[in-house]
Structures are given as C-alpha cells and as structure tokens.
Amino acid sequence: MAAKVFESIGKFGLALAVAGGVVNSALYNVDAGHRAVIFDRFRGVQDIVVGEGTHFLIPWVQKPIIFDCRSRPRNVPVITGSKDLQNVNITLRILFRPVASQLPRIFTSIGEDYDERVLPSITTEILKSVVARFDAGELITQRELVSRQVSDDLTERAATFGLILDDVSLTHLTFGKEFTEAVEAKQVAQQEAERARFVVEKAEQQKKAAIISAEGDSKAAELIANSLATAGDGLIELRKLEAAEDIAYQLSRSRNITYLPAPLGPGATAPRTLSITFLLPQNHCEIS
C-alpha cells in the first residue's frame, strides 16, 4: 500500500516537473527599454514587435530575439583628407537606437549586430564627403558648421537602415604632423614679425622724442640769447635770485640746518649775509 502511495507521489511530482518545465519554456521576459522579435520555425520572422513584460510563446517552435532600444554611444574614428589635401584624424561620437517598429526588417536584412555592420561604414562615408568640402583652416574656424552638416547627412543616411541618431558630435580633430609643424612655424614667424615691428616703432618714437627735445633746447637757447641781448645782465641776476630762493626753500625744510645772522659792521642797519650751520651728530659745519 505504501509503495503505491510513493509511486503515485513520484508520478505526480514528475508530471508537475514536466509541466513546470513546459510552462517555463513557454514564458519569456522583455526588460524595460527593450523590444522582442519572434522567430517562428515554420513562418519565419514575425512582423509583430513585442513590448516590455512577460509573454508566452510556443516552446521549440518560436524563439524571441531581444533588442535594446535605448540610446547607446559609439565612437567612430576616421582618417580622411581635407579640401587642401591635408590628413585629418576625426573621431565622431554617436548616440543611436533602432526604430522599434522596424526591428523585424533590421533583424531580417542586417542582423542583431546591426550597429557593427552599419555605423562604421556610413560614418566613414559621410565624414569623408563633408570634410572634403573644407580646407584645414575652415575645419577649425567653422567646426560648428562641419559638425552640423555631418549630423544632418548622417541622420538622413542612418534613417534608411531604421536607425535614429539622437546626437552626433565631433569629439576629436587633429591634423598630420607636417601640417602641425607648418602651423607652429607660422605662429613663430608671426610673433617674430610682431616683435621686430615693435622694436622699429619704439626706435621711431625715441627718434621723434630726441628731435622734439633738441628743437625745444634750441628754441630755449634762442629765447635766452634774445633776452640777454635785450635786458643785459638783468636776466642773469633774476635767475640767480630765483635759484637762491629755491635753495633757501629747500634748506629751510631740513631739521639739521640753523640760520644765524652775520655780525653787523659799524653803521650797518641790516644784515647783508646769512650764516648757515649744519647740525650733525658729532660735529657741525658752518656756511656763511
């Protein structure tokens, strides 16, 4: 009796395990941001795109192919030539995703690795076409225009394969060694030319200043000669008085100087000379 019970339990457990395996194989999950395409062994790829969630399929007959429909980045390096035949190294960064409704066609005509098959080829084609329209200097000064043209042409080209490009940007742009050395040599030559021009202008300004100073001295000498011829020694005496007044003013501001009146002679009413004594730490000096 117990053997029959255990046999029944074993059969029930086996049936339950088989049923569980069948049910598990008939279920599949589609994660957030993903889509599924169903491949049927008898009818081929179905046109229906399955959304997120848990879904049923026919075991061993149908197979789900999961696609990531979120934006993904990809860097594509390209070596091409400019309009003036300069080698240009460009790296293009692309944010791409497939069009969900076109996933059956993408899987049928391109495959699951559509990004590896499509993006490098069309990116190289578009970059070479756009860069060839500009020379090396324009690629630097008009980089925004170049990037916009690449983005427009590449977006249009990718749409034919069922791809959406959310962003296209030039992240790296360099030139060949010869062009870089030529640009550096040009910059050095321009700096040397600017320096030489500054030296010449400085010499010209110094020359003009010397001429103006000489003309001023000549005019002053001429005016003094005319004044002497007109006023005689009176002008010289005036200049002496002015100089003496300036000396006295400067000496009056010093703390180490004492003014002593000269002794008066017989019948003198006012001092005609001035005695100046310099007071130093250890000795003094007297000037009359």
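The values are calculated or read from the model by the stated rules, or taken from the named source; none is laboratory data. Everything quoted here is computed from the prediction, not taken from an experiment. Cβ atoms come from the backbone with ideal geometry, glycine included; neighbour counts cover every protein chain shown. To get the accessible areas, we keep the full protein, side chains included, count just its heavy atoms, and leave off ligands, DNA and RNA. Shrake-Rupley method; radii C 1.70, N 1.55, O 1.52, S 1.80 Å.
In percent, rounded to a whole number, the relative contact order of the range 30-69 is 52, using alpha-carbon pairs under 8 Å and six or more apart. Computed over protein heavy atoms with a 1.4 Å probe, the carbon and sulfur contribution to the accessible area of the range 72-175 reaches 49%. Hand me the tally of lysine pairs in the range 104-226: alpha carbons under 29 angstrom apart, and the pair either on different chains or 8 or more positions apart. Here the count comes out as 7. Divide the volume of the convex hull around the Cα atoms of the range 72-175 by the residue count and you get 81 Å³ per residue.
How many Å² of accessible area per residue for the range 30-69, probe 1.4 Å?
Values: 2460 Å² over 40 residues.
Per residue, the range 30-69 has an accessible area of 62 Å².
The local environment of Ile212, defined by Cβ-Cβ distances under 14 Å, has a net charge of 0 under the rule Lys, Arg +1 and Asp, Glu -1. Largest first and in whole Å, the equivalent-ellipsoid semi-axes of the range 30-69 read 18, 11, 7, each the square root of five times a Cα gyration tensor eigenvalue. Net charge around Ser82, counting only other residues with Cβ within less than 10 Å of its Cβ (Lys, Arg = +1; Asp, Glu = -1)? Summing Lys/Arg as +1 and Asp/Glu as -1 gives -1.
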